[in-house]
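Here the structure is laid out as structure tokens; the discussion comes afterwards.
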Amino acid sequence: YDSTPSEVGKSAQAAAEALAALLDILQISAVDVIGISAAGPTALAFVQHHPSRVRKLILESAVTTDWAEPNKRRSRIGFGGAAKVTWAVMHGMFKLFPTVIIKVLLHDLTSLDVNQVMNRMSQDDLAFIKRMLQASQASTGFLNDIEHKVDHLATITKPVLVMYSPNDKTVSPKNAQRIAHEIVNCELYEVPSDTHLIWIGNSADAVWKKRLT
């Protein structure tokens, strides 16, 4: 993503090793790990391979199961060979029709009625989504992520907190349930968020406080 070469993350395990090397260079011995969305497998792989360097793990709206084929196909369109053209068109459309583009995005992020979700959003929530769309760009890193896998999760003994939304259409609750089923030292925290974006909305403060706790 951004300026990170995608070659370092061909697998979740390779990405984890790159993170460990970064910590070596920064002379950081142990960390708390937060894996967000498609970074779930990388976070899990890091904890698996470097348990002595991890205090705790938090997964937030995180992928932990295989991606569905329709989602993979859409991802290859958005981040494949024509990605630069796709994102240029999207950014141009966003400038002209911001509300329409936000609705299109939300269709993939929530299982609820999109119009009702938008009506409940504050100006700060909408500003968050606009910044996210404006910052999004072509990135081959995401094509790595959709193929990432982590097995044998029962080997993870570090404390794990999993925060997820039951209304998340992008990363369904089955991802959180897998962690609870396979990792003994796990706490599930269901966030009453309307969408995949548990960091905005009425529950945002609760998410922040839970993370810190």
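The values are calculated or read from the model by the stated rules, or taken from the named source; none is laboratory data. In this text, all values refer to a predicted model and were calculated from it rather than measured experimentally. Reconstructed Cβ throughout: ideal geometry from the backbone, glycine too, with neighbour counts over all protein chains shown. Accessible surface is based on the protein model in full, side chains and every heavy atom, while ligands, DNA and RNA are left aside. Shrake-Rupley method; radii C 1.70, N 1.55, O 1.52, S 1.80 Å.
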* Asked: Taking interchain pairs and intrachain pairs at least six residues apart, which have beta carbon atoms under 8 angstrom, with the first residue in the stretch 135-158 and without any contact (Cβ under 8 Å) to a residue 40 or more places away in the chain and farther than 21 Å from ALA18 by Cβ and the second open to solvent by 80 Å² or more (accessible area, probe 1.4 Å) and part of a loop (DSSP other than H, G, I, E, B)?
  -> ALA154/VAL184
* To do: Considering each residue of the stretch 160-193, count those that are over 15 Å from ILE36 (Cα atoms) and in contact with a Cys (Cβ under 8 Å, 6 or more places away or on another chain), and give that number.
  => 1
* Structure fact -> Subset of the stretch 141-156, residues part of a loop (DSSP other than H, G, I, E, B) and within 16 Å of the chain's Cα centre (by Cα), comes to ILE146, GLU147, HIS148, LYS149, VAL150
* When residues of the stretch 168-182 are filtered for being within 21 Å of MET118 (Cα to Cα) and either surrounded by fewer than 21 Cβ atoms within 10 Å (Cβ to Cβ) or more than 16 Å from the chain's Cα centre (by Cα) (or both), how many remain? -> 3
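Let's see how each residue does on (1) open to solvent by less than 60 Å² (accessible area, probe 1.4 Å); (2) touching a strand residue (DSSP E or B) at 6+ places or on another chain (Cβ under 8 Å); (3) acidic (Asp, Glu); (4) at pLDDT 95 or above:
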position	(1), (2), (3), (4)
PHE142	yes, no, no, no
PRO166	yes, yes, no, yes
VAL184	no, no, no, yes
TYR189	no, yes, no, yes
* Residues satisfying the stated conditions in the stretch 118-167, i.e. within 18 Å of ALA206 (Cβ to Cβ) and of a type in the set (A, V, I, L, M) -> MET121, LEU161, VAL162, MET163
* To do: Count, please, the residues in the stretch 101-140 that happen to be in a loop (DSSP other than H, G, I, E, B), in contact with a Lys or Arg (Cβ under 7 Å, 6 or more places away or on another chain) and of a type in the set (Asp, Glu).
  => 0
* Applying the selection to the stretch 157-176, what residues are assigned to a loop (DSSP other than H, G, I, E, B) and among the aliphatic types (A, V, I, L, M)? -> VAL171
